[in-house]
Amino acid sequence: MAGLPKSRLPMTLHSFDEAIALTPRDDNSFTGCTSPAYANMVGPFGGTTAATMLQAALQHPERLGQPIALTVNFASAVAEGEFEVHARAARTNRSTQHWLIEMVQQGQTVSTASAVFAQRRSTWSRPEAMPPEEVPAPETLRSADTSRRPAWVRRYDMRFIEGGMPEPFDAVEQPHSRTCAWVRDEPARSLDHASLAALCDSFFPRVFIRRRKPAPIGTVTMTTYFHADEALLAAQADRHVLCCARAMNFRDGYFDQSAEVWSDSRELLASTHQMVYFRE
């Protein structure tokens, strides 16, 4: 090792890149494997599943443009071990490309997804949504203690402004389920569309925040809209992003979550929405 020139030293992948790594096959499908670094209570962290589905389209030789939307439907818990991802461009238009993606284990579908890629062009642009005003800077906040959380939580540095995981659960219902926090990969990693897709699922379940007690839960479907192009993500680099989430309704065993991810320069990077099953 000592005798190798610096340019030939082996590179160490970030744990996130290892988790979403895909090996192409001759039929333009891919194989991958779950990562214990992103394990959840049952199966892998849903954010890495979403990122892996997106990665299949990002790596596909027919891919054109950059992602603007991703919907992932979690049909079943993903088991530990290998899986296949099948991705195909269902239609390519002048400005957009539409993808159908499926994750399969032992011949059974565990997740499906659709993604839209687009050729972004410079046009009139104005923001309408705005981030919270006068939030404290991330360096002034303490990192949340993630030592007793599932493995995936320890892969993020979370600095809560409001709405952190209740410590302890006391079953005292709160008037809202808002969360606002600065978040980045741990260790730090430059932001890209795959890591942004995963980060959009890094919020703790809204029912935990509102009711302050645990419950069996599972995301059924999640849609992410990417407002940032590659240049804006590159400008953000590996700094913390501001993540804000809330629920709109809890009803008949399901609740929703709406969230935004903002750059530290107040640019909207992504908005995301999901529907979650919960049980008493």
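The values are calculated or read from the model by the stated rules, or taken from the named source; none is laboratory data. Just so it is clear, the structure is predicted and the values come from calculations on it, not from any experiment. Quick reminder, even Gly has a Cβ in these numbers, built from the backbone with ideal geometry, and neighbours come from all protein chains shown.
Structural remarks
- If you filter the stretch 40-57 down to residues that are among the aliphatic types (A, V, I, L, M) and buried (at least 19 other Cβ atoms within 10 Å of the Cβ), you find that the one that is farthest from residue 148 (Cα to Cα) is 57.
- Residue in the stretch 105-126 that is assigned to a strand (DSSP E or B), of a type outside the set (Ser, Thr, Tyr) and loosely packed, with under 15 Cβ neighbours inside 10 Å present: yes
- Scope the stretch 52-64; condition under 18 Å from residue 26 (Cα atoms), in a loop (DSSP other than H, G, I, E, B), touching a strand residue (DSSP E or B) at 6+ places or on another chain (Cβ under 8 Å) and not acidic (Asp, Glu); matching residues: 60, 63
- Per the listing 67, 136, 131, the residue uniquely in a loop (DSSP other than H, G, I, E, B), surrounded by 14 or more Cβ atoms within 10 Å (Cβ to Cβ) and at pLDDT 95 or above is 131.
- Looking across 233, 268, one residue alone is out of contact with any Ser or Thr (no Cβ under 9 Å at 6 or more places or on another chain) and hydrophobic (A, V, I, L, M, F, W, C). It is 268.
- Restricting the stretch 1-28 to residues that are hydroxyl-bearing (Ser, Thr, Tyr) and modelled with pLDDT of 95 or more, the residue that is surrounded by the most Cβ atoms within 10 Å (Cβ to Cβ): 15
- Scan of the stretch 70-85 for residues that are surrounded by fewer than 19 Cβ atoms within 10 Å (Cβ to Cβ) and either in a loop (DSSP other than H, G, I, E, B) or touching a Phe, Trp or Tyr at 6+ places or on another chain (Cβ under 6 Å) (or both), ordered by number: 75, 76, 77, 79, 80, 81
- Meets criteria (surrounded by fewer than 16 Cβ atoms within 10 Å (Cβ to Cβ), in contact (Cβ under 8 Å) with a residue 12 or more places away in the chain and in contact with a strand residue (DSSP E or B) (Cβ under 7 Å, 6 or more places away or on another chain)) for residue 258: yes
- In the stretch 150-163, the residues that are farther than 17 Å from residue 206 by Cβ, of a type outside the set (Phe, Trp, Tyr) and either in a helix (DSSP H, G or I) or modelled with pLDDT under 95 (or both): 151, 154, 155
- Among (1) modelled with pLDDT under 95; (2) assigned to a helix (DSSP H, G or I); (3) among the acidic types (Asp, Glu), the one test that residue 167 misses: (2)
- Within the set 193, 176, the sole residue that is loosely packed, with under 15 Cβ neighbours inside 10 Å and not charged (D, E, K, R) turns out to be 176.
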